[in-house]
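Worksheet: one structure, shown below.
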Amino acid sequence: SVTADGVEIAQGRAVMLRRAGQPPGDVWGPPSWDVPLPADLPAPQGREGVPMWETRPINGDFRSSGQKRAWLRETRELLDGEPLTPFLRAAFAADFTNPFANSGDQGLNFVNADVTLYLHRLPVTDWVGFEVAGHHSAEGIAVAECTLYDEQGPIGRSAVCAVANEHRR
């Protein structure tokens, strides 16, 4: 935990689980994510500078109020000259959950307060797919969730809680 004048500004926690054999039986899961692969989608036009992420929108954008889906690929390195590991790629990408899931027809009006990433497997490709799975807000507090994918299927979920950005209005 990092503090500034007694106010907590950052905290991290990791839970590592030992991998084991998959138990027998069937458990309900959502239908397969049936979307075009990133290579089959055009890059967005009109972006200036070097973005934090390279994106391939599937449906919806930051100013839409419907469900959104997109592919994302990190463009930065954590350390110069060191490629991102699959875990770091997913962890970096999880930060996309707040702007993607909490933006609507008036843009992004929530500031991320916390993000939680759950992975049931590591991504095997550079691209991470995002599908907004939920957003609810009241009295300036938002909770949102995205299902995460790679080009082979689902890899986990990312959840955020956020507070209304009073200064943006």
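The values are calculated or read from the model by the stated rules, or taken from the named source; none is laboratory data. All figures in this text were calculated on a predicted structure; none of them were measured in a lab. A quick note on method: Cβ atoms are made from the backbone with ideal geometry, for glycine too, and the neighbour counts reach across all protein chains shown. What goes into the accessible areas is simple: the full protein's heavy atoms, side chains included, and nothing from ligands, DNA or RNA. Shrake-Rupley method; radii C 1.70, N 1.55, O 1.52, S 1.80 Å.
I'm trying to understand the selection: among the residues of segment 150-169, which are more than 24 Å from Val111 (Cα to Cα) and open to solvent by less than 50 Å² (accessible area, probe 1.4 Å)? So that I can check it myself, show each step before the final result.
Of all residues in segment 150-169, those more than 24 Å from Val111 (Cα to Cα) come to 150-155.
Asp150, Gly153, Ile155, listed by residue number.
Residues considered: Pro99, Pro57, Pro44. Of these, the only one that is surrounded by 13 or more Cβ atoms within 10 Å (Cβ to Cβ) and assigned to a strand (DSSP E or B) is Pro57. Put simply, of Leu148, Leu117, Leu122 the only residue that is among the aliphatic types (A, V, I, L, M), in contact with a strand residue (DSSP E or B) (Cβ under 8 Å, 6 or more places away or on another chain) and more than 14 Å from Phe96 (Cα to Cα) is Leu122. Filtering segment 108-146 to residues that are in contact with a Gly (Cβ under 8 Å, 6 or more places away or on another chain), assigned to a strand (DSSP E or B) and within 16 Å of Arg89 (Cα to Cα) leaves Leu117, Tyr118, Leu119.
Give the residue, chosen from Leu79, Leu84, that is modelled with pLDDT under 90 and either buried (at least 17 other Cβ atoms within 10 Å of the Cβ) or touching a helix residue (DSSP H, G or I) at 6+ places or on another chain (Cβ under 7 Å) (or both).
The match here is Leu84.
Modelled with pLDDT of 90 or more, among the aliphatic types (A, V, I, L, M) and surrounded by 13 or more Cβ atoms within 10 Å (Cβ to Cβ): is that true of Ala138 in this structure? Answer is no for this residue.
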